[in-house]
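Here the structure is laid out as structure tokens; the discussion comes afterwards.
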Amino acid sequence: MNLGLSDELVVIREKIRTFVEEKVEPVEQDYHDEVSVGDRWSHTPRQDEILESLKAEARNLGLWNFFLPKSQGGAGISNLEYAHLAEIMGRSRLASEAMNCSAPDTGNMEVLERYGSEEQKQQWLLPLLAGEIRSAFAMTEPGVASSDATNIATSAVLDGDEWVINGEKFYISGAGDARCKIMIT
């Protein structure tokens with residue numbers, strides 16, 4: 001079934017399906033068995049080995065950073081086209097991370113790509129694009145309907161040469177991952 005997709009996207013979608021079925025799904029149980037070995041907030045060396053192996057293979061197959069424009073190493077596809085790819089990635093807990101397409105990293109990379117300074121891009125965006133680090137996103141706040149970003153109460157005020165941030169966050173996506181090196185709020 002074509003679903004109105006371009007020929008190029010149909011090929012990419014099939015490559016993702018094959019990668020998930022032949023490479024990702026066969027190692028899922030091994031990965032999950034390791035969860036009981038370590039603590040829940042860190043990866044065991046075996047989990048890291050599994051993910052890094054999958055990432056290397058995904059990169060080699062061109063299955064990497066689909067959500068960004070081509071100028072930034074992405075596929076340059078629309079959100080609707082990306083949804084067709086995410087549907088297949090969503091079949092496995094490991095697939096989106098293996099292809100460097102997992103939240104909150106995807107949104108944080110887009111923010112850094114569009115609004116980050118050159119220094120921020122060098123320090124944070126490039127390692128995120130390479131899948132070397134993870135990130136966190138803090139939006140949810142108590143007492144406000146913070147799923148609507150216009151309701152966020154946290155403030156950041158420039159005071160001399162530093163920023164003073166006042167607010168309270170909870171349910172911070174990605175913050176529990178020891179590989180998290182940057183948080184966007």
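Throughout, read-outs are computed from the coordinates displayed, never taken from laboratory work. Small disclaimer: the values here were computed from a predicted structure and weren't measured. Cβ atoms come from the backbone with ideal geometry, glycine included; neighbour counts cover every protein chain shown.
A few points about this structure:
- Phi to ³J(HN,Hα) by Karplus 6.51 cos²θ - 1.76 cosθ + 1.60 over the range 110-115, Hz, x for Gly, Pro: 5, 4, 5, 5, 7, 10
- Debye log10 I(q)/I(0) for the chain, one point scatterer per Cα, at q = 0.08, 0.09, 0.11, 0.16 Å⁻¹: -0.30, -0.38, -0.57, -1.10
- Share antiparallel - DSSP beta bridges, the chain, percent rounded to 5: 60
- Separation between Cα centres of the range 1-63 and the range 108-129, rounded to whole Å: 24
- Of Leu51, Leu63, Leu80, the one that fluctuates the most in a GNM where the chain has Cα springs shorter than 10 Å: Leu80
- Semi-axes of the equivalent ellipsoid for the range 103-185, computed as √(5λ) from the eigenvalues of its C-alpha gyration tensor and ordered from largest down, come to 22, 17, 11 Å.
- Based on every Cα atom in the range 5-89, Rg and the maximum pairwise Cα distance Dmax equal 14.8, 44 Å.
- For Ser173, the residues whose modelled amide H falls within less than 5 Å of its own, excluding neighbours fewer than 5 places apart on the same chain, are Phe137, Met139.
- Nitroxide proxy distance, nm - points 7 Å out along Cα→Cβ at Glu25 and Tyr171: 3.1
- Computed from point charges on the beta carbon alone (+1 for Lys and Arg, -1 for Asp and Glu), the dipole magnitude for the chain about its Cα centre is near 240 Debye.
- Phi-based couplings in Hz for the range 160-171 (Karplus 6.51, -1.76, 1.60; Gly and Pro marked x): x, 10, 9, 9, 9, 10, 10, x, 9, 10, 8, 6
- Taking the helices alone, the chain has a mean residue ellipticity at 222 nm of -11000 deg cm²/dmol, built from -39,500 (n - 2.57) per DSSP H run of at least 4 residues and averaged over all its residues.
- Fewest-first sequence of Val164, Val111, Val20 by Cβ atoms within 10 Å of each Cβ: Val164, Val111, Val20
- Neighbours of Gly76 by Cβ distance under 14 Å: Lys/Arg scored +1, Asp/Glu scored -1, total -3.
- Using θ = phi - 60° in the Karplus curve 6.51 cos²θ - 1.76 cosθ + 1.60, the 3J(HN,Hα) couplings for the range 53-65 round to 5, 5, 4, 4, 5, 4, 4, 4, 8, x, 9, 8, 6 Hz; x is entered for Gly and Pro.
- Packing-based exposure ordering (other Cβ within 10 Å, fewest first) of Ser135, Ser71, Ser92: Ser71, Ser92, Ser135
- The range 16-93: trypsin sites (Lys or Arg not before Pro) falling in loop per DSSP and having at most 10 other Cβ within 10 Å: Arg40
- For Cys180, the amide hydrogen comes within under 5 Å of the amide hydrogens of Arg134, counting only partners 5 or more places away or on other chains and with H modelled in the peptide plane.
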